[in-house]
Amino acid sequence: MSFLPEDPILQSARDVVRREGAAAAGIAEQLDGSFLASVSLLLGCRGKVVVAGSGTSGTVARRMAHLLSVCGTPAVFLHPMDALHGSLGAVSQGDVVVAISKTGGSAELNDFAGRAQERGAQVLSLSSRADSALGRLSDVNVQIVSAHDADPGGVIAMGSTLAMSAWGDALAVTLMRLRRYSWAQVLSAHPAGGVGQLVDAPAELAPLDASALTGKD
């Protein structure tokens, strides 16, 4: 079976990819003081970093927790509904909860975030609406806005989740450089798969100076 380059099905699929790529690339211009405040909060965390979200945002949260850990910031994923059924006991004084929700209106996530604060944790939220219920209760709120067409119908979270994932990737790598977390440490914690078989580590990432964060909030 062959298709012409201008086949409407291929064109439609390419449009999806282009819109999603634009959503992720657009995050670069949205990195601001809230990003620096987020870096400062996680860098200074003396407890656990707990990343939470429901639905597609939960998938983003699970990925973010994994990549933070890979890059030297230990983090775990906790589903907010599991938290409300007893796992909230894992959250304690000094922890930071990273709560992810496109609209900031996920009832179980907001309930969990508020209860986590009652237990002494701080909340860093990622949503598209600064004035959402989640944004209002958070200690640090990051607003991540994607073009309406990044998500089909503005409803199905696709491009917006890639944008949030890109933001999380920037956070993980920034913290890695601030912590001077080495490739030897990365490989030590990643003994399986192709990465675990690497013999020669990549060149170290250029370190960043944490003193630049002084006074950021």
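The values are calculated or read from the model by the stated rules, or taken from the named source; none is laboratory data. What you see is a predicted model, and the numbers here were worked out from it, not measured in a lab. All Cβ positions, glycine included, derive from the backbone under ideal geometry; neighbour counts span all protein chains shown. Protein only, heavy atoms only, side chains kept; ligands, DNA and RNA dropped before computing areas. Shrake-Rupley method; radii C 1.70, N 1.55, O 1.52, S 1.80 Å.
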Point-to-point label distance, residue 200-residue 147, nm (Cα→Cβ direction, 7 Å offset): 4.1
Global geometry of the chain, whether rounded, prolate or oblate, following the gyration tensor of its Cα atoms and the 1.5 cut on a/c: oblate
Theoretical ellipticity at 222 nm over the chain - DSSP helices of four or more residues, -39500 (n - 2.57) apiece, nearest 500: -13500 deg cm²/dmol
Two-site label geometry, residue 29 and residue 82: point separation in nm, points 7 Å out along Cα→Cβ: 3.9
Area accessible to solvent at residue 195, 1.4 Å probe radius, in Å²: 60
Carbon + sulfur, % of accessible area of segment 65-214 - ligands and nucleic acids excluded, 1.4 Å: 56
Cα-based shape type of segment 56-131, given that a ≥ b ≥ c are square roots of the gyration tensor eigenvalues and the cut on a/c is 1.5: rounded
Rounded, prolate or oblate (a/c below 1.5 giving rounded, otherwise prolate when a/b exceeds b/c) for segment 125-217 by Cα gyration tensor: oblate
Gained length - residue 22 relative to residue 182, 0.36 nm times residue gap less alpha-carbon distance: 54.5 nm
Fluctuation leader among 146, 12, 57 - the chain, Gaussian network, Cα springs under 10 angstrom: 12
Full-stretch length increase - residue 156, residue 46 - with 0.36 nm per residue and alpha-carbon distance subtracted: 36.0 nm
Extension gain (nm, one decimal) between residue 139 and residue 90, 0.36 nm per residue minus Cα-Cα: 15.7 nm
Exposed GluC sites (Glu not before Pro) absent: longest stretch of the chain, with sites in DSSP loops and at most 15 other Cβ within 10 Å deemed exposed: 7-203
With all protein chains modelled, accessible area of residue 111 [1.4 Å, Å²]: 60
Proximal charge balance of residue 146 [Cβ under 13 Å; K/R count +1, D/E count -1]: -1
Area of residue 48 that stays accessible when all protein chains are in place (1.4 Å probe, Å², to 10): 80
